[in-house]
Amino acid sequence: MVNPWALAIPLILIAIVAYRWFKREHHSGEAVLVAHTLPGRVLPRYRARIRQLRIATFGSFVLLAAVAVSSAVMVARPHTVETRAEELASRDIVLCLDVSGSVIGFDSEVMKAFASMVDEFQGERVALVIWNSNSQVVFPLTDDYDLVKERLNEGAEALETDGYSDYPTNPQEFYDFTAGTFLESTGGASLVGDGLANCVMQFDMPEEERARTIILATDNEVSTPEVQIYSLSDAVEMAAEQSIVIHGMYIETYYGSVNYESQEMRDEIEGAGGYYFVAGDEEAASQLLDEIESQQAEDLESDPVTILVDTPGAWPIIAAVGIGILVVVGWRYRI
């Protein structure tokens, strides 16, 4: 409680009301005696009315006590204490997703994996970039996690396919979500290096000391490497020059296979100090978050911040309902 003294207020009010009631009941000197009222007082209607008034009086007392207690609790301000590490607000994470034809059947699961990761974030800014032969920013760096999860869930639905076929379940949603990622004029597709390079360019505030991370999700199968401006190696080097750590989520389109693409991606990611794992491995995804935190905590040290969060619970509702019922009872039994 921020103001615990306020809890004494209802006790004082109840004591005053009890004292006045006791004084009225035991000091009848002010009572006015009226003769010949017995026949009226034994009538069923009179007795029922008196019974109703007594119930209403007792109920009003209970309601007043409830309103007084709930109001006092609100004034006292019950709260919880949260401790947050300010260094988390200095972390930027770009989710970098391949939406080329070879991974369409798997992207929905990757988006769901991204959404589950968001539940573990506490202050980091997150962005999502999707790419094929061209890149599109779905949302820039933001800490609005409601927006992030909403867009990730929309993407998961748009990229969903029927039985991992090459055709989306919701074609119009798919085309709307991936609009601008495929340009026929480039004559290329699945340009991994260019896609990663565009993700590197999403980090703003270059003058600030911030931890910067990219989570790259792709099968690393470049359809037309000759039209790429950047190779995977070039893009990884470009990120390293800006102190950006790349973690790789390999989309395994052929289960159980260790091919050139997966090995190349692993070598490049781990060679630059990143963490490599296969999409769908929940344990590895959890390990990835630990890697992000452990790698960046050393560079962004600061004292934790304690925040008081008001938790009024149901007390405002109790007070409002109690006052509403008191108004109705007062109107019903008005003199």
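The values are calculated or read from the model by the stated rules, or taken from the named source; none is laboratory data. Owing to the predicted nature of the structure, the values given are computational and were not obtained by experimental measurement. Neighbour counts run over all protein chains shown; Cβ positions are idealised from the backbone, glycine included. Heavy atoms of the whole protein, side chains included, go into the accessibility calculation; ligands, DNA and RNA do not. Shrake-Rupley method; radii C 1.70, N 1.55, O 1.52, S 1.80 Å.
What to note about this one:
- Those residues of segment 102-124 which are outside any loop (DSSP other than H, G, I, E, B) and open to solvent by 40 Å² or more (accessible area, probe 1.4 Å), in sequence order: SER102, GLU109, LYS112, SER116
- Neighbours by Cβ (under 6 Å, 6+ apart or cross-chain): first from segment 165-180, part of a helix (DSSP H, G or I); second modelled with pLDDT under 85 and open to solvent by 30 Å² or more (accessible area, probe 1.4 Å): none
- Cβ-Cβ distances below 7 Å connect the following pairs, each with a first residue in segment 302-325 that is of a type outside the set (A, V, I, L, M), a second residue that is exposed (fewer than 15 other Cβ atoms within 10 Å of the Cβ) and modelled with pLDDT under 75, and a separation of six or more residues or different chains: SER302/GLU86; PRO304/THR83; PRO304/ARG84; THR306/VAL81; THR306/THR83; ASP310/HIS79; THR311/HIS79.
- Among the conditions (1) surrounded by fewer than 17 Cβ atoms within 10 Å (Cβ to Cβ); (2) touching a helix residue (DSSP H, G or I) at 6+ places or on another chain (Cβ under 8 Å), LEU64 misses just one, which is (1).
- Considering only residues in segment 188-228 that are open to solvent by less than 50 Å² (accessible area, probe 1.4 Å) and at positive phi, the one that is modelled with the lowest pLDDT turns out to be SER190.
- All positions within segment 162-187 that are modelled with pLDDT under 80 and either in contact with a Lys or Arg (Cβ under 6 Å, 6 or more places away or on another chain) or open to solvent by 20 Å² or more (accessible area, probe 1.4 Å) (or both): ASP162, GLY163, TYR164, SER165, ASP166, TYR167, THR169, ASN170, GLU184, SER185, THR186, GLY187
- Test: residue in segment 232-242 that is within 14 Å of LEU97 (Cα to Cα), in contact with a Phe, Trp or Tyr (Cβ under 9 Å, 6 or more places away or on another chain), at pLDDT 85 or above and part of a loop (DSSP other than H, G, I, E, B): no
- Matching residues, segment 125-137, being under 17 Å from THR213 (Cβ atoms) and either surrounded by fewer than 21 Cβ atoms within 10 Å (Cβ to Cβ) or at pLDDT below 80 (or both): VAL137
- Inter-residue pairs, beta-carbon under 6 Å, first closer than 10 Å to TYR230 by Cα and in segment 192-207, second part of a helix (DSSP H, G or I) and open to solvent by 60 Å² or more (accessible area, probe 1.4 Å), 6+ apart: GLY193/ASP234
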